[in-house]
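Any read-out appearing in this document is the output of simple, stated calculations on the displayed coordinates, not a laboratory observation. Predicted, not measured: the structure shown is a model, and the values here were computed from it. Because the Cβ atoms are built from the backbone with ideal geometry, glycine has one as well, and the counts that use them run over all protein chains shown.
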Amino acid sequence: MKRPPFLAFLAVLLATVALPGRASPARQEKAPAAGELVGMETCASCHEDAVKAFKLTAHAKGEQSCETCHGPGKAHVDAEGDKTKIRNPKSLAAADSSAICQECHNKAGQKHWTGSTHDSRGVSCTTCHNPHPKGAPVKALLAKPSQLALCTGCHLQKKGQLMRSSHMPLREGKMECTSCHNAHGTPNDKMLLQTSVNQNCYSCHAEKRGPFLWEHAPVRENCINCHDAHGTMADKMLKVKQPLLCQQCHQTSSHPGPAYPAQSRYAFNQACLQCHPAIHGSTHPSGNRFFR
């Protein structure tokens, strides 16, 4: 008997979650015996700088300190520092390394990590975080001084967009990448914090939410129909300057024709929004053309 499509999808999903060899935070190693633990001070006898930095972090308050992440250290000490006798997250596969962190960090903002965009592309927790940094710990133990520097180290296209004249104020420190995205994963597209692009934008731009008596269809559908959220060379982060942007849809409206020539009255200081300023929506009884 053929399975219904939904049940077939569910079976594949459950099989994927339980793939053999896939590290899982739920599958933890058994607790080490007391005699296998050596304690932080023993680690400091060789790794003085690392332990000194580690003590400045919240992780130092863990029940087993260094051995919470690195595992029991007795065999490593007895073998006079043999690196194969201790667990080093940086030398493990990305999924196995992240599973160590998920033994504690598997709730709230990290609960969607497994199967997320970063996880599926081989990014591990230690790619972005440093559990025992040199000097004073950075917020969230980031591997770089700021969140912007960290994210743009991989997302170079977004870094270029943020350098354009019209951009989100990340460079100025008024917001961060995590103002819109959760790098640990979400159920939403592009790891957005909200269920849609519009809901994400409305969290700051509440005045654009409405409700409106007269709605502009492309605005209601998706903000990025007109805007590029990271930055553009056009005003207001528009994808294309006016009136070219509007003419992509309104080619046969009351202002017909192709892109306006330089001598046109609509080409200089007569952009569409000069007459239609309520372009996101109007609550005025006579605002069906978004004049007011």
**Study point:** Sorted by Cβ neighbour density within 10 Å, fewest at the top, the residues F291, F54
**Key:** F291, F54
Point to revise | All Cα pairs of segment 93-217, percent lying beyond 23 Å | key: 41 percent
Revision key, fill the gap. Cα extents of segment 46-143 along the principal axes, largest first, in whole Å, come to 40, 29, 22
**Study point:** Least to most buried among M233, M163, M191 (fewest other Cβ within 10 Å first)
**Key:** M163, M233, M191
Practice item. Determine the alpha carbon to alpha carbon distance for each of K61/K90; K144/K236; K90/K236; K134/K236 and list only those over 32 Å. Key: K90/K236; K134/K236
